[in-house]
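Everything on this sheet refers to the single structure shown next.
The values are calculated or read from the model by the stated rules, or taken from the named source; none is laboratory data. Every value quoted in this text rests on a predicted model; they were computed, and no experiment measured them. Cβ: placed from backbone, ideal geometry, glycine included. Neighbour counts: every protein chain shown.
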Amino acid sequence: METPIPITPESYYLPGGSALITFARQTPEVTDRAGNGGKELRIKVGNKDVKIQTWGKNNLLPQDREALVLDNNIVPELMATKRDITVGGGLMCYREIFEGGKRRIEEVEMPAAAKAWFEALPELNGGQDIQAFLLKCCRNLIYHANIFPEFVRDLGGNKIASMRALECRHVRPQKQDVKGKIQNWFWSGNWKEIKKEEFQPKAIANYAGEARRQPKFVMHIMDDVLSDEYLGIPTWWGGRAWIECANAIPIFHINNLRNGYTIRWHIEIPKDYFWDYTASSTTQKEKDNAKQKETQAKQEFLQRLNSFLAGYEQAGRAIITDYEINKAANKDFPGIKITPLNVDLKDKALLDLFEKSNDANISAQGIHPTLAAIQTQGKLSSGSEIRNAFMMYVAIKTPVKRDLLLKPIQYVHKVNGWPADVKWAFRDIEITKLDYNPAGKQDVTIA
């Protein structure tokens, strides 16, 4: 068996089969992974063996999810739009006022203690200010349906000194105890390399209530519309096959364009077209010379023909020739024939499938595509449709997610003793008609 000859780190030539093999990076294959696909796994934490529940069969499902989305052309923008609308114009404080049996809200200034706490936060948690905290929490909630805020108490153990948002791809749960509770979460910078000392998982206690006064802990928050009792499952995960399908189609077309062997012309040349038959009865030396001239003439002809037909600069060229007719046989003498071949690189069936997969991915995200500036059916929607879609999304889709995002802040608010009558919400931007408001937008509060 002949040894493959390496050409590049990804390409090999097989001499025996005259074949070129290329190993290309492909979109992650996740279509066989229903739910979170977790299983028990023993890991080493210090000198102890610990049982954890994996996140996916290979314990890398968050990484695979994000890689799958990264390769797509529309899903990242849809998710980013969902995050941006959910976080809105940032945090605000308000009070509820009841008058005449009706409730209204009144925006108030942020409590001084809360403002000072937020300002000090980046110095205590490695540079993550409150806006970065909210964006990271929201991103993980949308991608993975889970949030992992980590809290650290002050030296007295009574108040929360700092908090930071952990990435889902770094956190895994300990196996549940006999009461169905998770005692610890484990953090690693690289779960693929946990046998290396620098990536060995570290335990962080799961929040167990205020009575314990845990100095450091994780408060797991999940959107449990779908879950496996350990971790939430994002509702868009049912459409993962469509994302994988959409990712594969452009790769197919690119490889077809880069590596496809496409025949554009069929050129037929009579076998002895360049042979000088006058040399057939001469000496052997003259015959050899005639053979050499035939070979040379053939090569020159092929080079000239290739330069005439090859390349986009030569598109639209025509070839005009004359030929002789054998009057006795009433047919033309054998000569060179050039037949163009019709090549269709569009592959309409795959392009139609690509459009269908995009439609399926848009539906799975539950957000109007025009809010993410994504064209559907060849056009963007009108201003009124965009405004209505935005208002509907804010009213229907954001309340639950915002409640989940506000839980860490409400927890700190309660433990640190900030004013009890002050509540937290996200400030929204309302899109208006230009004849109503020349700026085209105004701040509103939905709480």
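Just one of the listed residues (159, 196) is touching a residue at least 24 places away in the same chain (Cβ under 8 Å) and farther than 30 Å from residue 240 by Cα, namely 159. Of all residues assigned to the stretch 91-110, none qualifies as being closer than 22 Å to residue 167 by Cβ and either part of a helix (DSSP H, G or I) or in contact with a Pro (Cβ under 9 Å, 6 or more places away or on another chain) (or both).
Would you mind stating whether residue 134 is under 30 Å from residue 52 (Cα atoms), surrounded by 20 or more Cβ atoms within 10 Å (Cβ to Cβ), modelled with pLDDT of 95 or more and of a type in the set (A, V, I, L, M, F, W, C)? Steps first, answer last, please.
Values: under 30 Å from residue 52 (Cα atoms): yes; surrounded by 20 or more Cβ atoms within 10 Å (Cβ to Cβ): yes; modelled with pLDDT of 95 or more: yes; of a type in the set (A, V, I, L, M, F, W, C): yes.
So residue 134 fits the description; yes.
Counting only residues that are surrounded by 19 or more Cβ atoms within 10 Å (Cβ to Cβ) and closer than 11 Å to residue 146 by Cβ, how many does the stretch 227-237 have? Don't jump to the end; show me each part of the working.
Of all residues in the stretch 227-237, those surrounded by 19 or more Cβ atoms within 10 Å (Cβ to Cβ) come to 230-234, 236-237.
Restricting the remaining residues to those that are closer than 11 Å to residue 146 by Cβ gives 230-234.
Final tally of qualifying residues: 5.
Quick check: is even one residue across the stretch 63-82 without any contact (Cβ under 8 Å) to a residue 40 or more places away in the chain, part of a loop (DSSP other than H, G, I, E, B) and of a type in the set (D, E, K, R)?
So the first thing to find is which residues in the stretch 63-82 are without any contact (Cβ under 8 Å) to a residue 40 or more places away in the chain, and the list is 64, 70, 76.
Next, from what is left, pick out any that are part of a loop (DSSP other than H, G, I, E, B): none.
For the stretch 63-82, residues without any contact (Cβ under 8 Å) to a residue 40 or more places away in the chain, part of a loop (DSSP other than H, G, I, E, B) and of a type in the set (D, E, K, R): absent.
If the condition is being over 14 Å from residue 166 (Cβ atoms) and within 16 Å of the chain's Cα centre (by Cα), then the stretch 126-142 contributes only 142.
For the structure I just gave you, tell me whether residue 114 is closer than 30 Å to residue 235 by Cα, small (Gly, Ala, Ser) and surrounded by 11 or more Cβ atoms within 10 Å (Cβ to Cβ). Show your work before the answer.
On the way: closer than 30 Å to residue 235 by Cα: no; small (Gly, Ala, Ser): yes; surrounded by 11 or more Cβ atoms within 10 Å (Cβ to Cβ): yes.
No: the conditions fail for residue 114.
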